[in-house]
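To keep things clear, I will list the structure first and then write my remarks on it.
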Amino acid sequence: TLKLNDNYQIVENYLLKNERLNMSKVVDKDTKKAKKSVLEYKAIKNFTYNEKKYTLADIDLQTGRHHQIRVQFANMGNPLYGDVKYGQKINKVGENLALFSYSLEFFHPTKDEVLKFEYLPTKEIDKIWSVLD
C-alpha cells in the first residue's frame, strides 16, 4: 500500500526496453538507450481485499514509455494487481490488469487546440468500487 497524501508524488526513473522479451526495466541514467520516465501519482484510498492490502491511485503520466506505470510501480515495491509480468505471479483466469485510463489529453497537431477525452466506467468497474466502499 502507498502512503495516503493530498499531494501528487513524482516518480522519475530511466527505463530500458527489451524488445525480445517485450519488457522494460529501471536502469541507471547513463545506460545506453535508457529513456527518462516521469509520472506523478496520488494515493486515493488504501483497502484490504481477500486479506491483502491494496491502494487505489490516480496516476498522471508525464512521459509515455513502454509499460511505464507497471515498471515504475513494481520498482517501488507496489506492483499492479494482476500484473504477472512485473509483479504478482498470480492472476485468476478472466481477471484483468488493474489499470484503467479514464482521461486522455493531447495537443492536436493541425487544429492548434488541446483535445481531452474522459470516460468513467460503470459496469466494468462496479466490482472494484464495491470493495472500496
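Remarks
- Taking 0.36 nm per residue of separation and subtracting the Cα-Cα distance, full extension of the segment from Q88 to K53 would add 11.3 nm.
- Separation in nanometres of the label points that stand 7 Å from Cα toward Cβ, at K36 and K3: 2.5
- Its Cα centre serving as origin, region 22-71 has a Cβ charge dipole (Lys and Arg +1, Asp and Glu -1) of approximately 240 debye.
- Rounded, prolate or oblate (a/c below 1.5 giving rounded, otherwise prolate when a/b exceeds b/c) for region 19-112 by Cα gyration tensor: oblate
- Cα shape, region 1-49, gyration tensor, a/c 1.5 rule: oblate
- Among the listed pairs K53/K85; K17/K45; K35/K111; K35/K85; K3/K35; K32/K116, those whose Cα-Cα separation exceeds 23 Å are K17/K45; K35/K111; K3/K35; K32/K116.
- Each residue of region 68-85 was assigned a 3J(HN,Hα) from its phi angle through the Karplus expression (A = 6.51, B = -1.76, C = 1.60, θ = phi - 60°), giving 3, 4, 4, 5, 5, 6, 4, 5, 7, x, 10, x, 6, 4, x, 8, 6, 7 Hz with x at Gly and Pro.
- Additional length obtainable on full extension of the chain from F117 to K29, 0.36 nm per residue less Cα span: 28.4 nm
- Charge sum, other residues only, whose C-beta stays under 13 Å from K29's C-beta, Lys/Arg counted +1 and Asp/Glu -1: +1
- This model, with +1 at the C-beta of Lys and Arg and -1 at the C-beta of Asp and Glu, gives region 1-108 a dipole about its Cα centre of some 480 debye.
Computed from the coordinates by the stated procedures, all read-outs in this text should not be read as laboratory data. Remember, it's a predicted structure, so these values are computed and weren't measured experimentally. All Cβ positions, even for glycine, are placed from backbone atoms using ideal geometry, and neighbour counts span all protein chains on display.
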